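Presented below is the structure to which this report refers.
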């Protein structure tokens, strides 16, 4: 029964959701609304996404110090694959602001008390699995082009990548495979996580609805993917610090894009499971996602 709930939600039958046709003007409006949400809740959003620049800098230091330089670019680029999961708190804040509810940082953790949490975790594990698979592919491509030799220096590595035939093979093949992973993740997660926050429809329904949105709006969603990629690239240039602004804006905008693309009013809302007297702290995230962490508090 629990597995059925995770896959199909709280209803007696899988939810029948209507997918709208959206255009480029809807993307522009979603970004505008996302920027407005960020302006109204800047402290919360930047706090939730502070891990992006921190992790990026740590990855850079790790690469320079532990000889995994060839995987630095795949690791940084791969964060876009788990971005939809990491932005859960942003979707929740946008949902609450839209409903006229309080939008303090603590409410970003309300997702862990939702009856949709099982489905969210299931889809999150899928994205994490794709991230690991991408890194494995990237490593295999590097070994196939350069062998097992470790780069002797950053300058030597950049010279080999940018000025040799093997390096250009690595660039073209690696980015081609990365593009396929990005398209797959965009297709299955474009609206699935916001939908699960808004409605208790299950992981399978959310995933299929996201696919339907992309199939019904291929050009618009392709443009959305390019916008996301371009903004993440721009945000990563100043030592990843720009992501503290770019990521929350994109997260909030994704919520508004979901609201434009999917009609879900006939589906059940998630049921909150509150624990009386228990206080939640932003510092507890993401540990509170795991049941044993909550039971020991």
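The values are calculated or read from the model by the stated rules, or taken from the named source; none is laboratory data. Keep in mind that what you see is a predicted model, and the values were worked out from it rather than measured. Using ideal geometry, Cβ is built from the backbone for each residue, glycine included, and neighbour counts are taken over all protein chains shown.
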Anything in region 138-162 that is out of contact with any helix residue (DSSP H, G or I) (no Cβ under 7 Å at 6 or more places or on another chain) and surrounded by 10 or more Cβ atoms within 10 Å (Cβ to Cβ)? List them, or say none.
140, 143, 144, 150, 152, 156, 158, 159, 162
Please find, within region 18-52, the residue that is farthest from residue 201 (Cα to Cα) out of those that are modelled with pLDDT of 90 or more and in a loop (DSSP other than H, G, I, E, B).
23
In the set 74, 84, which member is more than 25 Å from residue 265 (Cβ to Cβ), modelled with pLDDT of 80 or more and part of a helix (DSSP H, G or I)?
74
Would region 135-145 turn up any residue that is out of contact with any strand residue (DSSP E or B) (no Cβ under 8 Å at 6 or more places or on another chain) and within 25 Å of residue 251 (Cβ to Cβ)?
yes
Check on residue 94, buried (at least 18 other Cβ atoms within 10 Å of the Cβ), under 16 Å from residue 198 (Cβ atoms), touching a residue at least 60 places away in the same chain (Cβ under 8 Å) and in contact with a strand residue (DSSP E or B) (Cβ under 7 Å, 6 or more places away or on another chain)
no
Which listed residue is part of a loop (DSSP other than H, G, I, E, B) and either over 23 Å from residue 78 (Cα atoms) or at pLDDT 90 or above (or both), from 100, 129, 167, 124:
100
